[in-house]
Amino acid sequence: MTKNHLLEMVGISKYFPGVQALDEVKLTVKAGTIHALMGENGAGKSTLMKCLFGTYKKDSGEIFIEGESVDFGNAKEALENGVAMVQQELNQALTRTVKDNLWLGRYPLKGPFVDERKMAKETDEIFNNLNISIDANAIMSTLPVSQRQMVEIAKAVSYNSKIIVLDEPTSSLSENEVEHLFRILRDLRERGVGIIYISHKMDEIREISDEITIMRDGQWIATEATQDISIDEIIRLMVGRELTHRFPDKTNVVKDDVMMSVKNISGRYTNLHDASFDLHAGEILGVAGLDGAGRTELLENIFGEMTRKGGQIFLEGQEVQNKNPKDSIKNGFALLTEERRATGILGIRDILDNTVISSLKRYLNFNLFLDDKKMLEATEWAIDSLDVRTPSHKTQIRALSGGNQQKVIIGRWLLTQPKVLLLDEPTRGIDVGAKYQIYELIIELASEGKGVVVVSSEMPELLGICDRILVMSNGRVAGELDPKTTNQEEILKLAEKYL
Ligand SMILES: Nc1ncnc2c1ncn2[C@@H]1O[C@H](COP(=O)(O)OP(=O)(O)OP(=O)(O)O)[C@@H](O)[C@H]1O
Ligand SMILES: [Mg+2]
């Protein structure tokens, strides 16, 4: 093996019941580089990294670090040998403090006791060094997901590892936080660390990576220098075919009838202030804005997940209270939350359970018994229309790739047959090909006469599928734009209106 290669993985295979997750995959990472690992949902990216990290035992293949053959039996061994990983699924002790999470498994000791002072001091050092301002004594569960993600990143960095794996680290980070993370990564690269970076965000990959390895269906497809490969080429290699259109044709017709009317809604505990707008039947309404503009709060207030200070909601002319999510579902609303991986998944249940859980009433026979056949049909519809890559509906949801877990949750909400669908970042963590399917589905739902509200940070997406775009700024509705005639600059300008 070549000595100057920091990491070399060759012929790595891994089989799970029903799937050959990895089939003789190779990966070479040089010291002092950022190496992007790309591929569709379920391509095997996380599995490959878990084989490196010792979370999974590979069936065959070899791993070399600086020319030495290694085979870690568990995460602890990997960490002790210079490999750290930020997992796609945050796996934190939520009832413990930030500090505890950082030091779990390696508490500094003073005799038989934990050296609290040393721990506090070193925690400060780690956070200062990375310019992170998070209260080390806060209980993990009280932090927003983005900060929890930052803690995980700080933890990985604090091991002084030679190799750091980041599996979709920016899924919950705001733009500023992403920039912050990138500064940290560049600094680590400067110091000779090899970084493996997994993301579905093309512009991030172009900005931060030196080399790209592309996987498809558990196989290695290509490795290229980032500057030598175009986005179109990356997409083509990822999906294995030409993707000529990024957005499907719009076939929905916006009706004159108002489906939902929101009047002067303000949030009790948020900066959401006096929001009013109409949503028509058959309409896809986009909501744009910078982080903290109140987009998620708007949806959560409508859905009764947060307390409103004032305002009214009308569905087809009738006022509805939407006091809490249960009430809202009954009224014909559905909300796909932004943090679905952290909040929406019943990990140890199978796909069928996870799919039908919010629409159980539909499968009752004589109002008494759940009809297995109906539930199976519904689940198969969801698997099929969202292209969930799974061996069967009996597979436990946690055995699916991250993106495929998300598709199951989207299916769950569609099955409640809502009149108004509130979608918060519906394509986050989802690969390019599957995004297209989700767009098609959104358009199809609008074509059936439903009203759809889509919150998204990806402006091309809003411009590509929406009939109208509402722009929020600092908790207020700043204006409304026509996707056919507007552009990203105009959206941004409105987004800054009340800053
Ligand atoms: N613990 C497991 N048990 C069974 N199958 C698994 C397990 N982990 C992963 N798989 C399967 O292995 C394949 C690869 O999954 P993996 O999580 O590596 O994909 P990924 O490339 O990381 O996708 P994503 O972009 O969605 O995160 C998938 O078919 C997945 O269902
Ligand atoms: Mg993954």
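The values are calculated or read from the model by the stated rules, or taken from the named source; none is laboratory data. Model, not experiment: these values are computed from the prediction. Quick reminder, even Gly has a Cβ in these numbers, built from the backbone with ideal geometry, and neighbours come from all protein chains shown. Areas reflect the complete protein model, heavy atoms only, side chains present, ligands, DNA and RNA absent. Shrake-Rupley method; radii C 1.70, N 1.55, O 1.52, S 1.80 Å.
Restricting the first member to segment 360-375 and to residues that are assigned to a loop (DSSP other than H, G, I, E, B), and the second to residues that are open to solvent by less than 60 Å² (accessible area, probe 1.4 Å) and at pLDDT below 85, the beta-carbon pairs closer than 8 Å and six or more apart or on different chains are D371/N365. The residues of segment 163-176 that are over 15 Å from the mean Cα position of the chain (by Cα) and either within 16 Å of ligand 2 (Cβ to nearest atom) or open to solvent by 10 Å² or more (accessible area, probe 1.4 Å) (or both), listed by number, are V165, N176.
Condition check ((1) away from ligand 1 (no atom under 13 Å from the Cβ); (2) under 23 Å from D249 (Cα atoms); (3) surrounded by fewer than 22 Cβ atoms within 10 Å (Cβ to Cβ)) across all residues:
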residue: Q396; (1), (2), (3): no, no, yes
residue: L400; (1), (2), (3): no, no, no
residue: K407; (1), (2), (3): no, yes, no
residue: R412; (1), (2), (3): yes, no, no
residue: T416; (1), (2), (3): yes, no, yes
residue: I430; (1), (2), (3): no, yes, no
residue: A434; (1), (2), (3): no, yes, no
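Checking each residue of segment 72-89 against the condition of being touching a helix residue (DSSP H, G or I) at 6+ places or on another chain (Cβ under 8 Å), of a type in the set (F, W, Y), open to solvent by 50 Å² or more (accessible area, probe 1.4 Å) and assigned to a loop (DSSP other than H, G, I, E, B) gives no match.
Quick grid of which residues meet (1) under 30 Å from V320 (Cβ atoms); (2) under 25 Å from the mean Cα position of the chain (by Cα); (3) assigned by TED's automatic domain parsing to the domain that holds V420:
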{"residue": "Q227", "(1), (2), (3)": "no, no, no"}
{"residue": "S230", "(1), (2), (3)": "no, yes, no"}
{"residue": "I234", "(1), (2), (3)": "no, yes, no"}
{"residue": "R246", "(1), (2), (3)": "no, yes, no"}
{"residue": "D249", "(1), (2), (3)": "no, no, no"}
{"residue": "V254", "(1), (2), (3)": "yes, no, no"}
{"residue": "V262", "(1), (2), (3)": "yes, no, no"}
{"residue": "R268", "(1), (2), (3)": "yes, no, no"}
{"residue": "H273", "(1), (2), (3)": "yes, no, no"}
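Quick one: how many residues across segment 8-46 are in contact (Cβ under 8 Å) with a residue 60 or more places away in the chain and either open to solvent by less than 20 Å² (accessible area, probe 1.4 Å) or among the β-branched types (V, I, T) (or both)? Residues in segment 8-46 being in contact (Cβ under 8 Å) with a residue 60 or more places away in the chain and either open to solvent by less than 20 Å² (accessible area, probe 1.4 Å) or among the β-branched types (V, I, T) (or both): 19 in total.
Which residue is modelled with the lowest pLDDT, if the candidates are limited to segment 418-428 and must be more than 16 Å from ligand 2 (Cβ to nearest atom) and open to solvent by less than 10 Å² (accessible area, probe 1.4 Å)? Per the criteria, the residue is P426.
Every condition in (1) closer than 13 Å to D424 by Cα; (2) open to solvent by 40 Å² or more (accessible area, probe 1.4 Å); (3) outside any helix (DSSP H, G or I) is met by G292 except one, and the failing one is (1). Checked against the criteria, Y56 counts as within 16 Å of ligand 1 (Cβ to nearest atom), open to solvent by 60 Å² or more (accessible area, probe 1.4 Å) and assigned to a loop (DSSP other than H, G, I, E, B). Look at L441 and say whether it is away from ligand 1 (no atom under 12 Å from the Cβ), among the hydrophobic types (A, V, I, L, M, F, W, C) and surrounded by fewer than 22 Cβ atoms within 10 Å (Cβ to Cβ). Here the answer is yes, as L441 does meet what is asked.
Listed here are the residues, each with its yes/no results for (1) part of a loop (DSSP other than H, G, I, E, B); (2) at positive phi; (3) touching a Phe, Trp or Tyr at 6+ places or on another chain (Cβ under 7 Å).
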residue	(1), (2), (3)
K14	no, no, yes
Q20	no, no, no
M49	no, no, no
A93	yes, no, no
L102	no, no, no
E122	no, no, no
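In segment 99-125, the qualifying residues are those that are within 20 Å of A75 (Cα to Cα) and open to solvent by less than 40 Å² (accessible area, probe 1.4 Å), and the one that is farthest from the chain's Cα centre (by Cα) is P108.
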